[in-house]
Amino acid sequence: MRQKQVAIIGDADAGPAALVFAEELGRRIGGAGWALVSGGRQGVMEAASRGCREAGGLVLGILPTADDSAGNPYCHFLVPTGMGWTRNSLTALAGDAVVAIGGRAGTLTEIAYAWSYGKPVLAVTGLGGWSERLAGTAIDDRRRDVLTPVATPAEAEAALRRILAGT
């Protein structure tokens, strides 16, 4: 059976609370034996990558650049795409589930891609950004579910366990 993959999306310029959340969730992802996928850069992506790697998990970064110089040092694997923001679709597709932590326009596009591709999306509350604004809502009427609101890394892990057990 292949290893489950969790995509973590969020702001490269995130504040301290979002970084703490991302690192703890990354640690829980690695500890659960899941792989972490992100945009591979700084901020939420780097914090989650650090937590996952330190817990023994595998980390994949899908970069917007044509080389790997923008990648954070905690990624085991980097995929330089040269696609700019368009690479957000690849990040959303790579996760069996997607967790949005705060975020601005780039995170919003990843949420929309994940929704369009039928991926389960968890939306972190309490940290602002698009995850807070969209938590508990449906993006459109093509799906019956909503972006699952989670307020703590423990809640996110529990929701991921339920979701990934069914995939």
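The Rg/Rh ratio of region 56-106, with Rg taken over Cα atoms and Rh as the Kirkwood radius over Cα pairs, comes to 0.95.
Look at the Cα gyration tensor of region 107-152: its axes a ≥ b ≥ c give a/c of at least 1.5 with a/b over b/c, and that counts as prolate. P(r) tail for region 5-165: Cα pairs beyond 26 Å make up 14% of the total. Here the spin labels are modelled as points 7 Å beyond Cα on the Cα-Cβ line, and at A154 and R104 they lie 3.3 nm apart. Which one of L160, N88, I111 is farthest out on the positive end of the charge dipole of region 5-165, using unit charges on Cβ (Lys, Arg +1; Asp, Glu -1) and the Cα centre as origin? Among L160, N88, I111, the one farthest towards the positive end of the dipole of region 5-165 is L160.
Can you tell me the dipole magnitude for region 5-165 around its Cα centre, using point charges on the Cβ only (Lys, Arg +1; Asp, Glu -1), in Debye to the nearest 20?
My answer is approximately 300 debye.
If each residue of separation counts as 0.36 nm, what is the full-extension length gain between D68 and D145 once their alpha-carbon separation is subtracted?
Numbers: separation 77, 0.36 × 77 = 27.72 nm, distance 3.64 nm.
Taking D68 through D145 to full extension adds about 24.1 nm, to one decimal.
Would region 1-85 count as rounded, prolate or oblate if I go by the C-alpha gyration tensor, calling it rounded below 1.5 in a/c and otherwise prolate when a/b exceeds b/c, oblate otherwise? Oblate, because a/c is 1.5 or more while a/b does not exceed b/c.
Give the Rg/Rh ratio for region 52-139, taking Rg as the radius of gyration of the Cα atoms and Rh as the Kirkwood radius, to two decimals. Working shown, then result.
Working: Rg = 13.5 Å, Rh = 13.7 Å.
Here Rg/Rh amounts to 0.98.
Computing FRET efficiency as 1/(1 + (r/R0)^6) for A55 and T137, where r is the C-beta to C-beta distance and R0 is 30 Å, gives about 0.45. Ordering V124, P16, G43 by the projection of their Cα atoms onto the charge dipole of region 5-165, which places +1 on the Cβ of Lys and Arg and -1 on the Cβ of Asp and Glu, puts V124 at the extreme positive end.
Note on D13 and M83: the model spin-label points, each 7 Å out from Cα along the C-beta direction, lie 2.5 nm apart.
Every number in this text was worked out from the coordinates using simple rules, so none of it is lab data. Nothing here was measured: the structure is a model prediction, and the numbers come from that model. Because the Cβ atoms are built from the backbone with ideal geometry, glycine has one as well, and the counts that use them run over all protein chains shown.
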